[in-house]
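Q: One structure follows; several queries about it will come next.
The values are calculated or read from the model by the stated rules, or taken from the named source; none is laboratory data. These figures come from a predicted structure and were not determined experimentally. Glycine also receives a Cβ, built like all others from the backbone with ideal geometry; neighbour counts cover every protein chain displayed.
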Amino acid sequence: MYSRILVALDGSKLSECILPYARYFAEKFRLPVELLQAIDSDTLMPDNVDPKQESMIAERKKNIQGYLSTIAATFAGAVKIDCTVEVGHPAEIIVDRAAAAAGTLIAMTTHGRSGIQRWLLGSVAEKVLHATRDPLLLVRGDETKIAAAAASFRSILVPLDGSELAESVLPRVVELAGKLNLEVVLVRVFNLPNLYPDEAYVPDEHIWELIRDEARQYIDRKVKELKDQGLARVSSILLEGFAAERIITVAREKPESLIAICTHGRSGVRRWVLGSVTDRVVKHSGDPVLVIRAPGAA
């Protein structure tokens, strides 16, 4: 499933919010871990302006290596720990480092700020989300929460919109649930097709029934398919409303849940784009989100 974990940090406590989840995956799957921190080249002065810059960069690299070594000591369950410091554009470095080895799982918080480097991990995470072809584990940074040594999960929430693209996440979910003994909860959010410009339009109850029935039949089929693949604990939730809001609410109500979602997908009738839903879930969910690139996605 995964060959290693690439953990992106920036030296801030916010960026370290990803560590309990990275430790969890490293321990459960016995994976090697690479801790990565980038010195943003945009924060550096041109060499011809500051002749002492090379020495300054060397000192910063030394300090960061010491910081990463301290973090590495907390990964008792990993097979191997590497610490890497590079100079350049953080998002590009993260994407390139992940692409260098097949099966890399990128792990990072959605925001964080280092005192010296001053790059926002939020914008970096967004760039990585849109650029990488590797799976991405994201969690929103929160300094008010005390980070545990390692996280734990009870269930995987899987939003589906009726499309094959959205369903491309399911093989990974089956693997994860089987190996980690997690419940799988399929979440289907339905709404009225956006066909009417008049916001005051109230749909006929018969239309709602047709949409609801189609959504229920679809999600029931998917539950049966997963059970036929050997998963014992599979359930479903059918909700009406706006997808991202409903997904975030469901996750909040189910402790220790992991949201597993595809980067994009489109339902034929309801016409909500799972890519934009993924963006909203990543930005606003307090629960970790595993984002998997749909096959053939650009």
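Q: Hey, can you tell me all the residues within region 129-165 that are at pLDDT 90 or above and outside any loop (DSSP other than H, G, I, E, B)?
A: Leu136, Leu137, Leu138, Val139, Ser155, Ile156, Leu157, Val158, Pro159, Leu160
Q: So which residues in region 166-193 are farther than 23 Å from Glu256 by Cβ, under 20 Å from the mean Cα position of the chain (by Cα) and surrounded by 20 or more Cβ atoms within 10 Å (Cβ to Cβ), if there are any at all?
A: Ala166
Q: While we're here: Does region 90-98 include one or more residues that are basic (Lys, Arg) and in a helix (DSSP H, G or I)?
A: Looking through region 90-98, at least one residue is basic (Lys, Arg) and in a helix (DSSP H, G or I).
Q: Could you list, in sequence order, all residues of region 230-255 that are in contact (Cβ under 8 Å) with a residue 40 or more places away in the chain and either part of a strand (DSSP E or B) or exposed (fewer than 13 other Cβ atoms within 10 Å of the Cβ) (or both)?
A: So the first thing to find is which residues in region 230-255 are in contact (Cβ under 8 Å) with a residue 40 or more places away in the chain, and the list is 230-231, 233-244, 246-247, 250-251, 254-255.
Listed by number, the residues that qualify are Gly230, Val234, Ser235, Ser236, Ile237, Leu238, Leu239, Glu240, Gly241, Pro255.
Q: Oh, and also: Go through (1) over 16 Å from Val33 (Cα atoms); (2) touching a Cys at 6+ places or on another chain (Cβ under 6 Å) for Leu68 and report which single condition fails.
A: With respect to (1) over 16 Å from Val33 (Cα atoms); (2) touching a Cys at 6+ places or on another chain (Cβ under 6 Å), Leu68 is out only on (1).
For every residue, the table says whether it meets (1) over 26 Å from His111 (Cβ atoms); (2) in a helix (DSSP H, G or I); (3) at pLDDT 90 or above.
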position	(1), (2), (3)
Tyr2	no, no, yes
Phe25	no, yes, yes
Ala38	no, no, yes
Pro46	yes, no, no
Asp50	yes, no, no
